[in-house]
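Throughout, read-outs are computed from the coordinates displayed, never taken from laboratory work. Nothing here was measured: the structure is a model prediction, and the numbers come from that model. Note that we place each Cβ from the backbone using ideal geometry, even for glycine, and neighbour counts take in every protein chain shown.
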Amino acid sequence: MTNRPPLLTSILHPLNLAMAALTVGAGLCSAWWLAPLGFVFWLIMVAIVARDPGLQMTFTRESRQPLSQRFQDRFDRLDRARISIFNSLQGVDPSFRKVIEPVQTTLDELVQHAYQLSINLSAVDNNFSVQNLSNNFDDEIDKMQKNILSAADESAKKEYEQTLKSIQARKLQMKNIATLLSRFEAQLSGTNNAVDSVVTGIVGLKGRDAKQIEGKIPPLLKILQTEQTELTQFDTELEKTSLV
């Protein structure tokens with residue numbers, strides 16, 4: 001099925017289409033004065049459906065770009081945890097949902113942050129893989145070292161030395177990027193474990209009185225905020241990383 005934006009899905013909803021048809025029909029009949037009222041009701045119905053959290057969540061998920069394989073499975077697990085909390089709050093007492101809402105909002109922000117980092121680092125990973133296949137730094141370094149030893153004059157020797165430094169710097173850059181990618185992969189796994197503990201905590205609170213669980217919320221928020229802080233460190237490192 002085509003992934004439609006929530007607003008378009010709302011407009012094409014059968015009930016909303018029926019209301020639109022009735023509004024037009026009223027405008028064409030003698031009861032033309034009902035048309036403006038019907039139009040107002042139609043707008044309200046469209047807004048209600050378009051703002052449905054489940055519909056918005058589905059649209060967001062289906063609109064995401066694919067990630068590098070090393071990140072995709074880990075991110076999907078993280079997103080499923082977010083959906084798990086959303087589903088667990090359906091049909092619960094409004095007062096309970098209100099107390100849990102800060103955790104859900106913070107988790108939504110964490111998942112979005114993880115996705116954006118995954119997109120950026122997927123591009124780095126793809127470029128890294130291509131360049132890693134097309135370069136053999138050890139052979140190039142060995143060749144330049146031999147050229148330096150056999151250089152016929154000082155000018156040629158300096159050229160070889162500069163080239164050697166450039167290759168060594170490139171090799172170090174590629175090593176740092178490989179480390180960054182591996183670290184982020186491990187970070188996603190760690191974030192998943194942390195979020196799973198939050199999901200377990202939320203499920204364990206269901207059925208309790210809202211006042212009884214208020215003191216349980218700050219520790220859960222702290223877990224998510226710690227993960228956000230760790231992801232922010234990757235934002236900083238990514239800004240310093242270039243793979244051209």
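Laid out as a table, the results:
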item	result
Potential lengthening between residue 116 and residue 134 on full extension [0.36 nm per residue; Cα-Cα distance subtracted]	3.7 nm
Residue-span extension gain [residue 178 to residue 84] - 0.36 nm each, minus C-alpha spacing	30.6 nm
Furthest towards positive pole of dipole, 152, 177, 87, structure part segment 64-240, Cβ charges	87
Approximate spin-label separation residue 95-residue 76, in nm, with each point projected 7 Å along Cα-to-Cβ	4.1
³J(HN,Hα), Karplus 6.51/-1.76/1.60, whole Hz, each residue of segment 170-185, x for Gly, Pro	5, 4, 5, 4, 5, 5, 5, 5, 4, 5, 4, 5, 5, 5, 5, 4
Residues 92, 124 arranged by fewest to most Cβ contacts within 10 Å	92, 124
Order of 149, 78, 117 - criterion: other Cβ atoms within 10 Å of each residue's Cβ, fewest first	149, 117, 78
Percentage, to the nearest whole number, of Cα pairs in segment 138-217 over 16 Å apart	70
Out-of-range pairs (alpha-carbon distance over 30 Å; input 146/175; 165/240; 143/175; 146/240)	146/240
Dimensionless Rg over Rh [segment 64-240; C-alpha; Kirkwood]	1.25
R0 of 41 Å, Cβ-Cβ distance residue 123-residue 226: FRET efficiency to nearest 0.05	0.95
